[in-house]
Amino acid sequence: MSIKKILLDELPGVVDAIAASVAVIGLDGGKPDRVLACNCHFRRMLGIAAADGPGARLRNFLPGYARRDIEAQIEECVRTVTPVEIVQAFDLEDRTFWWRIAAQPILNGAREPGGVLLTCLDITEKIRLENELKTANSRFGAVIQSAYDGIVTVDRQQRIHLFNAAAEEMFGYSAEEIEGKPLNTLIPEKYHDRHGQHLENFATSPIFSRQMFERGGRISGLAKDGTEFPVEISIAKITVDGATEFTALIRDISERAKLIDELKRQALIDLLTGLPNRRSFYEQAGHQIAFARRHERPLSILMIDLDRFKRINDTRGHPAGDMVLKAMASAGKCILRQSDIFGRLGGEEFAVLLPETDEERAIVIAERLRQAVAKARFEHDWGEQGPIPFTISIGVAPCLKDDAAIEYALKRADRALYDAKQDGRNRVKVWSRMPDAEASGELPDGEVRKAG
């Protein structure tokens, strides 16, 4: 009995009982020909009427856009005598359905293909989910790559697996050359040990995201060219296929850090002269006094006031006065030692703290500075207006071992400065020990300024 006879007589009832979409296709010269048997699920798949199906040519039921591919795959199945799988979309009732069609050759007694069994599975929902996942991944990838901040993902062994475009720009590495490398490649060597321990602690912590901080300072990144730059980092951990991964959101804060540093600098620097301002001078002086007391080392202070500064402002104008203040700063930088702390306390008042300097040596330094100013023996760019002659008066005083703060020494130096003004200006005077009430150096507010 021929295979076609068996199929036509006995299989229709069998395939109708199968829950999947099934059809048996006859062959004509190795090519798919008529539908020998099919069940209701197969007819529904192709939109075939209940009365149609067996005996009709397969190609009559296939839409034109799918016919050539399906027939070619069935022919390949027959030619190679091996199963093939086809994924095909069918538009039916204003909807698109996706089917996975498995073609299996049916061998006759001579072990040659006598037909093909088609088993079809509706995978529309699976394709929909895959497309949604693909869209989500595409959207996620676009967000990652277009993000302003650097995004870096590492595994538990701290190997880099994801490196977005912003991270490439930030660190100077391409994703291809950095992925697979250890995270330490992006971290200055001095932080390697601590960073590894911090990440391990975070891995075992119940917290899933956190901001990273460096105790006592900023976190730094290391660029490909060896440049270190300040960064702000948020880190999160997730579990992927049972393994922990860490994703860091990295922001280059170089510009912000520069701004902060500049604001800090401005808070401690006199903007006109570039010298430490009163606050900065007092802070540095406090450290020097503590050091001198602890190690019993000499420390002296100079109080400096520009002579008749108000007259310069009144006769030449405030720009000229500003130029003189800058010139005073230049003179101090030229004459004083690198270890000396030279600051502007305000107005035309300056002070110099002289570490490792006793009273005798402080007088020599003060006199050298006074003469340099009086004789204009210092470098300064006066601009088009040319040099403006001016002189200074200086009060010299020691910092005593009982001084709890710099203010005590400043009062003594201020007393000596007042004496220098009273004695004719353009001179150096040294504080001398006097009875306690007078030794405090206290003067009526503005006394030295009035002296001019």
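The values are calculated or read from the model by the stated rules, or taken from the named source; none is laboratory data. Keep in mind it's a predicted model, so treat the numbers as computed, not measured. Every residue, glycine as well, gets a Cβ built from its backbone with ideal geometry; the counts of neighbours run over all protein chains shown. Just the protein is used for accessible areas: all its heavy atoms, side chains included, with ligands, DNA and RNA removed. Shrake-Rupley method; radii C 1.70, N 1.55, O 1.52, S 1.80 Å.
Tabulated data
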read-out	value
Criterion (in contact with a Phe, Trp or Tyr (Cβ under 9 Å, 6 or more places away or on another chain), surrounded by fewer than 20 Cβ atoms within 10 Å (Cβ to Cβ) and farther than 17 Å from ILE394 by Cβ) met by exactly one of ARG297, ARG311, ARG293, ARG316	ARG297
Evaluation of VAL81 against (1) aliphatic (A, V, I, L, M); (2) under 58 Å from the mean Cα position of the chain (by Cα); (3) closer than 15 Å to LYS31 by Cα (one fails), failing number	(2)
Which numbered condition ARG368 fails, given (1) basic (Lys, Arg); (2) over 26 Å from LYS264 (Cβ atoms); (3) out of contact with any helix residue (DSSP H, G or I) (no Cβ under 8 Å at 6 or more places or on another chain)	(3)
Test set (1) in contact (Cβ under 8 Å) with a residue 40 or more places away in the chain; (2) touching a helix residue (DSSP H, G or I) at 6+ places or on another chain (Cβ under 8 Å) - ASN313 fails condition number	(1)
Any hit, segment 36-43, residues being in contact with a Gly (Cβ under 7 Å, 6 or more places away or on another chain) and either more than 22 Å from GLU125 (Cα to Cα) or in contact (Cβ under 8 Å) with a residue 60 or more places away in the chain (or both)	yes
Given (1) outside any strand (DSSP E or B); (2) under 56 Å from the mean Cα position of the chain (by Cα), index of the condition ALA89 fails	(1)
Search result, residues across segment 171-211 that are out of contact with any helix residue (DSSP H, G or I) (no Cβ under 9 Å at 6 or more places or on another chain), of a type in the set (Gly, Ala, Ser) and in a helix (DSSP H, G or I)	ALA203
Some residue of segment 196-203 being of a type in the set (S, T, N, Q) and closer than 20 Å to ASN164 by Cα	no
Residues of segment 283-335 classified as under 18 Å from ALA362 (Cα atoms), out of contact with any strand residue (DSSP E or B) (no Cβ under 9 Å at 6 or more places or on another chain) and not charged (D, E, K, R), total	2
Test: residue in segment 151-166 that is more than 15 Å from THR247 (Cβ to Cβ) and surrounded by 12 or more Cβ atoms within 10 Å (Cβ to Cβ)	yes
Residues that are open to solvent by less than 40 Å² (accessible area, probe 1.4 Å) and in a loop (DSSP other than H, G, I, E, B), drawn from segment 392-404	CYS399, ASP403
Filtered residue count, segment 421-434, keeping only those that are assigned to a helix (DSSP H, G or I) and in contact (Cβ under 8 Å) with a residue 60 or more places away in the chain	1
Residue ID - farthest from ALA416 (Cα to Cα), chosen from residues in segment 319-341 that are in a helix (DSSP H, G or I) and open to solvent by 10 Å² or more (accessible area, probe 1.4 Å)	PRO319
Residues of segment 278-298 that turn out to be touching a Pro at 6+ places or on another chain (Cβ under 8 Å) and part of a loop (DSSP other than H, G, I, E, B), as a count	2
Residues satisfying the stated conditions in segment 68-98, i.e. surrounded by 15 or more Cβ atoms within 10 Å (Cβ to Cβ) and among the polar types (S, T, N, Q)	GLN73, GLN88
Failed criterion for ARG344 (all others in (1) surrounded by 18 or more Cβ atoms within 10 Å (Cβ to Cβ); (2) in a helix (DSSP H, G or I) hold)	(2)
Qualifying residue in segment 391-406 (condition: over 54 Å from the mean Cα position of the chain (by Cα), under 20 Å from GLU356 (Cβ atoms) and at pLDDT 95 or above)	no
Residue within segment 367-381 that is part of a helix (DSSP H, G or I) and without any contact (Cβ under 8 Å) to a residue 24 or more places away in the chain present	yes
Qualifying position, being farther than 27 Å from LYS310 by Cβ, without any contact (Cβ under 8 Å) to a residue 40 or more places away in the chain and surrounded by fewer than 22 Cβ atoms within 10 Å (Cβ to Cβ), among GLU384, GLU360	GLU360
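Okay, residues lined up against (1) outside any helix (DSSP H, G or I); (2) surrounded by 12 or more Cβ atoms within 10 Å (Cβ to Cβ):
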{"position": "LEU62", "(1), (2)": "yes, yes"}
{"position": "ALA66", "(1), (2)": "no, yes"}
{"position": "ARG100", "(1), (2)": "yes, yes"}
{"position": "ARG111", "(1), (2)": "yes, no"}
{"position": "LEU117", "(1), (2)": "yes, yes"}
{"position": "LEU121", "(1), (2)": "yes, yes"}
{"position": "LYS126", "(1), (2)": "no, yes"}
{"position": "LEU133", "(1), (2)": "no, no"}
